[in-house]
Every structure is written in structure tokens, then in C-alpha cells.
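The values are calculated or read from the model by the stated rules, or taken from the named source; none is laboratory data. Note that the structure is a prediction, hence the values are computed from the model and not measured. Note: ideal-geometry Cβ built from the backbone for every residue, glycine included; neighbour counts use all protein chains shown. Quick note on the areas: whole protein, heavy atoms, side chains included, nothing else; ligands and nucleic acids left out. Shrake-Rupley method; radii C 1.70, N 1.55, O 1.52, S 1.80 Å.
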Amino acid sequence: MSLCTFNWELASKFVPLVTPIVSVALAIFVYRIWHKQKGKEVVANETKEFIIKLAKLQSLQMEVIKSTKAENFNKESFNQFKIVKKEISDSAIFLGFALEKNKKLSNLSSTVLSQAILFIENVDEWFEIGKPLDLKKSIQPSDALWLTRELLKYSLYQKSL
């Protein structure tokens, strides 16, 4: 029967030794959870901004296209398009590094940004030398939609890093 007894006095001597270890382990655990959540939050905020800028880019593209057809070219919208395209490129670089495992996102953002560059070149050629505007060289709504859907998963915390 002596094997089944528990020596509380001996156990109470180990409690002060175990308490700091448990406290440190708990702190490390909480820090890791917080750190991972903070990373998700940063990516979510960046993807939200990207989605908003992409919608603005498409809106500005439509304004520029309408103004070229009316022969009343809206240079300010075109310059704003270039600025937003630069901002979205910076966001795409950040997201590319942060979400490097998602090749689909990388391909979609590269496609949309390439289309924006082609649109800028196309409008420049139209404005400078009178070359006809080729709407195939613009951001395609279907590509922008697929990119938005992919980014939305991150902005709503549905997909993790």
C-alpha cells in the first residue's frame, strides 16, 4: 500500500521549479499564436487595399477608353491610372513575397499588371502617333475578377499564409 501514496510535501517542493517553466512555455505559445495572427492581419489589410486599387484601376481604364472614343482625351485620368498602377505593382511585390506558395495568385497578378502595362503603352501610342486603340491590350475583366476572388480569400481570413 505504500506504493499508492502520494507525498504532497515532496510535490510542493517541485511546484516553485515547475511554475517558471510553465509560465515561459505559455508565453512562447501565446506569442507564436499572436505573431501568426498578426501576419494574417497584415496580409489581409494589404489584399483589401489591392482589391480596392484594382477596382479603381479598372474604373480609370474605362474613363480613359471613353475619353479616347470621344476624341476628348482625359489626360488626368490616364495619369491617375499610371499612379494607381504603380501602387498596385508595389502591393503585388509585397504579396508575392508574403504569399509565395500561392502560384495561382502570382500568375493572376502578373497577368493583370502586364495587361495594365500594355494598356499604358497602347494609349501612349494612340495619343502620340494616332495608332488605333486595341482593347485587347487592356485589363481584361475576367482576369481582374479571378484575381479579386483569389485575394478575397486572404482578406476575409478564409485562406491562411
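In the chain, once you exclude exposed trypsin sites (Lys or Arg not before Pro) (DSSP loop, at most 13 other Cβ within 10 angstrom), what's the longest stretch remaining?
Answer - 1-100.
Length gain on complete extension for the stretch K48 to L17, per 0.36 nm per residue less the alpha carbon to alpha carbon distance? Spell out each step's value before the answer.
On the way: separation 31, 0.36 × 31 = 11.16 nm, distance 4.77 nm.
Working it through step by step, the gained length comes to 6.4 nm.
Between their Cα atoms, which of K69/K136; K36/K86; K101/K153; K48/K104; K103/K131 are more than 24 Å away from each other?
Correct reply: K36/K86; K103/K131.
If the stretch 1-144 were replaced by its equivalent ellipsoid, with semi-axes equal to the square roots of 5 times the Cα gyration tensor eigenvalues, what would those be, largest first, whole Å?
62, 13, 10
Just in the stretch 62-98: which GluC sites (Glu not before Pro) are loop by DSSP and have at most 12 other Cβ atoms within 10 Å?
Those that pass, being in a loop and sparsely packed, are E71.
State the Cα centre-to-centre distance between the stretch 1-39 and the stretch 117-161 in whole Å.
That distance is 55 Å.
Averaged per residue, what accessible area in Å² does the stretch 114-161 show with a 1.4 Å probe, protein chains only? Please list the in-between numbers first.
Numbers: 2940 Å² over 48 residues.
Per-residue value: 61 Å².
When the accessible area of the chain is split by element with a 1.4 Å probe, what percent falls to carbon and sulfur?
Using a 1.4 Å probe with all protein chains present, the chain comes out at 63 percent carbon and sulfur.
Say the dipole of the stretch 1-125 comes from +1 at the beta carbon of Lys and Arg and -1 at that of Asp and Glu; which of A25, N122, L95 then lies farthest toward its positive end?
Working it through, the farthest residue towards the positive pole turns out to be A25.
Do you know the relative contact order of the stretch 1-144, to the nearest whole percent, from alpha carbon pairs under 8 angstrom that are 6+ apart?
Working: 70 pairs, mean separation 26.4, N = 144.
18 percent.
Before rounding to the nearest 500, sum -39500 (n - 2.57) across all DSSP H runs of length at least 4 in the chain and divide by the residue total; then give [θ] at 222 nm in deg cm²/dmol. All intermediate terms of the calculation are to be shown ahead of the outcome.
Working: 4 runs with 128 residues, N = 161.
It comes out at -29000 deg cm²/dmol, rounded to the nearest 500.
Over the stretch 94-149, what is the relative contact order in whole percent, taking alpha-carbon pairs under 8 Å and six or more residues apart?
This gives 39 percent for the stretch 94-149.
How big is the charge dipole of the stretch 68-161 about its Cα centre, in debye rounded to the nearest 20, if each Lys and Arg gets +1 on its Cβ and each Asp and Glu gets -1 on its Cβ?
The dipole magnitude comes to about 480 debye.
What's the magnitude of the charge dipole for the chain around its Cα centre, counting Lys and Arg as +1 and Asp and Glu as -1 at the beta-carbon? Answer in Debye, nearest 20.
Values: 23 positive and 17 negative charges, 98 e Å.
With Lys and Arg at +1 and Asp and Glu at -1, about 480 debye.
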